[in-house]
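Please treat every number below as a calculation from the coordinates, not as lab data. Not measured: the values here are computed from a predicted model. Neighbour counts are summed over all protein chains in view; Cβ atoms, including those assigned to glycine, are modelled from backbone coordinates with ideal geometry.
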Ligand SMILES: [Zn+2]
């Protein structure tokens, strides 16, 4: 049986109510465990530790088998973009505000990754994996993540096992809630991913963004179909199972 990893992005205090709603909709489909992509200091204004309600929710999720993935530090672009042009263009067009890890020097990225792990640790959580906001990551990020002890790196189309170097390609479907061309392209990619979900391909991933409830319905319908032939898992279980 193929696997499916279901992720909720941008888990942070200002999105708490929507995250709760989304998780209860996933509960109705029996989607457990799931992956929670946590932003430890969203927009530089919402430290995780200052939202005890969200901390309790995450602790309960982890107790029931779900997995926390570190998802940037502030999720906000901090300076000029430093990537090479195809990635830089993608960031400018689609995620100008959210290209945090394309706007940092390696030293600053390391500082934020350490700070993010520390913020999780202070509330009793840990993350083995990292996913950059907008999936926008410079080429040097993988080695830095490995040096800091991360086990894997989630990119848009794959999961990179940092211990073995193995890359698992993962067709996907989901929504980003941005509207416009970006949403359209995600829709096209998602149509391919939903098609792949009906094949024996071993891994498919699904992502939801709490900020855009109007985009959840079609993805939940696709997910319901995929669950007929796929087993829900987490990245950690997938890489170590
Ligand atoms: Zn995000």
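Only helices enter this figure: runs of n ≥ 4 DSSP H residues, each worth -39500 (n - 2.57), summed and divided by the residues of the chain, yield -12000 deg cm²/dmol at 222 nm to the nearest 500. Counting every other Cβ atom within 10 Å of each residue's Cβ, 21, 164 order from fewest to most as 164, 21.
As a length-normalised measure over Cα pairs under 8 Å and 6 or more apart, the relative contact order of the stretch 2-240 settles at 25 percent. Fully extending the segment from residue 97 to residue 199 would add 33.1 nm, taking 0.36 nm per residue of separation and subtracting the current Cα-Cα distance. Pairwise Cα distances in the chain exceed 31 Å for 15 percent of all pairs.
Working value for the stretch 4-46: equivalent-ellipsoid semi-axes of 22, 11, 5 Å, each the square root of 5 times a Cα gyration tensor eigenvalue, largest first.
Mean-square fluctuations from a GNM of the chain, with a 10 angstrom spring cutoff on Cα atoms, peak among 206, 154, 123 at 123. Alpha-carbon geometry of the stretch 130-192: the Rg and the Dmax are 13.4, 38 Å, given in that order. With the gyration tensor restricted to C-alpha atoms of the stretch 117-241, the semi-axes of the equivalent ellipsoid amount to 26, 18, 15 Å, longest first. Here each label is just a point 7 Å from Cα along the line to Cβ, and for residue 167 and residue 32 those points are 3.6 nm apart.
Beta bridges from DSSP with both residues in the chain: antiparallel share about 25 percent, rounded to the nearest 5. Mean projected area of the Cα convex hull of the stretch 178-237, taken over all directions, amounts to 4.6 nm².
At a Förster radius of 35 Å, what calculated FRET efficiency corresponds to the Cβ-Cβ distance of residue 62 and residue 185, to the nearest 0.05? Between residue 62 and residue 185 the formula returns 0.60.
A Gaussian network model of the chain, with springs between Cα atoms under 10 Å, assigns the largest mean-square fluctuation among 163, 132, 109 to 163.
Note on residue 24/residue 80: beta-carbon distance plugged into 1/(1 + (r/R0)^6) with R0 of 25 Å gives a FRET efficiency of 0.05.
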